[in-house]
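Read-outs throughout are calculated quantities, based only on the coordinates presented, and are distinct from any laboratory measurement. The structure presented is a predicted model; accordingly, all values stated were derived computationally and were not measured. Methodologically, a virtual Cβ is constructed for each residue, glycine included, from the backbone with ideal geometry; neighbour enumeration extends over all protein chains shown.
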Ligand code: FEO
């Protein structure tokens, strides 16, 4: 059975998919590619005392959403509107839904209030913030909520329909894959889309994913209804396990207890390379043998993608770049701009580089590292053209100092407040 533009599809007794198909979408949120388009999944849940709507659709698909909704419920039956996530691809039809069903109460996560205000611009908005354990009754059935923030925005939550073993999971377990056959055992092969979606939306928040899985593991889930892509009715636990596998670090297991420092560089005439080797050597000399693992990479190989996984697992990152026309060189920026999909908060960062005229690259990289929420505890090293022995010693000291910070040997810095005044 295929989903149709004008018909709702029953996914469980009294529960209908009322979403929209968007087969022609080729990029989502600008940066995520969608080779198969996507779906905006919304659902209607009928109870003995009213109907709940779970999410809506992107605004341009509102007509399709309302057409399906009207095939399974009257507007005056809608008592509950649950917004698992307020991103506009799920709330585009909300203003019109509220106009047609003004009696309905909105249920959002405790983190979603400001976003709802930003969407609806109303001072007298009526809504109920909910968190894990809160419930809303539809008479003979009950919805309950799971607080699962940052998956994919701070406001996100899941909704559980216990009598059907049905988890409305929002963006979690979703993927951008449009197939009108709707169910995971009927659609085409969406494994790539599922993992790609995880990599771009969930991976930066892997710790949050694992926290959400703890809540989900406690439930007897027999059906997962995400906000995008196929409804997961065949082996839903397979997708829960896949999320756990993708969220658990393999490299951390491989090098357990060892701090990792990655040194990246580019070098036109070998000067920045010499500095990189000195930074790495200084780091190697610090700490007990086996307490730190230092790796050196020449970014001239051109491909930055393979380094992203390494960076996610690393504890410290050092970037060496010459300055060309007042800027760090492009491969450094390419790598740094590839890191939005990984968690960087709390890692250590530093920079160094040789230059001919002005030498701005080091400070520019340091600023970018701070912008990415890395700690930059040590001032970078600059060398005009060929580094002197003193400058190479400064590079060794930079590596040594970073290693000490990573291994907990660094002396505490005493800040003289009088000197700051
Ligand atoms: Fe499907 Fe984060 O929106």
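Worth a mention:
- Cα gyration tensor shape for segment 1-146, rounded if a/c is under 1.5, else prolate or oblate: oblate
- Residue-averaged 222 nm ellipticity for the chain, from DSSP H runs of 4+ at -39500 (n - 2.57), nearest 500: -9000 deg cm²/dmol
- Segment 259-406: relative contact order as a whole-number percent, Cα under 8 Å and 6+ apart: 31 percent
- Residue of 17, 160, 357 that the Gaussian network model of the chain assigns the largest fluctuation, springs spanning Cα pairs under 10 Å: 357
- Cα gyration tensor shape for segment 9-247, rounded if a/c is under 1.5, else prolate or oblate: rounded
- Förster-model FRET efficiency, 51 Å R0, residue 76 and residue 258, C-beta, rounded to 0.05: 0.20
- Listed residues 349, 229, 47, most fluctuating in the chain (Gaussian network, C-alpha, under 10 Å): 47
- DSSP beta bridges fully contained in the chain are about 45 percent antiparallel.
- Using alpha carbons only: equivalent-ellipsoid semi-axes of segment 259-406, gyration tensor based, whole Å: 20, 19, 13
- Exposure proxy order (Cβ contacts within 10 Å, fewest to most) of 99, 293: 99, 293
- Relative contact order computed over segment 9-247 (Cα-Cα under 8 Å; 6+ residues apart), in percent: 18 percent
- Exposure proxy order (Cβ contacts within 10 Å, fewest to most) of 332, 136: 136, 332
- Classified by the C-alpha gyration tensor, the chain has a prolate form. Its axis ratio a/c, with a ≥ b ≥ c, is 1.5 or above, and a/b is larger than b/c.
- Remark: relative contact order (the chain) = 11 percent; criterion is Cα-Cα distance under 8 angstrom and separation of 6 or more residues.
- Sorted by Cβ density within 10 Å, fewest first, the residues 275, 202: 202, 275
- Annotation: the antiparallel percentage among DSSP beta bridges lying fully within segment 205-306 is about 10.
- For the chain, built as a Gaussian network whose Cα springs stay under 10 Å, the top-fluctuating residue of 311, 324, 30: 30
- Relative to the longest principal axis of the Cα atoms of the chain, the long axis of helix 206-217 makes an angle of roughly 30 degrees.
- Distance between the pseudo-spin-label points of residue 309 and residue 113 (7 Å out from Cα toward the beta carbon): 4.3 nm.
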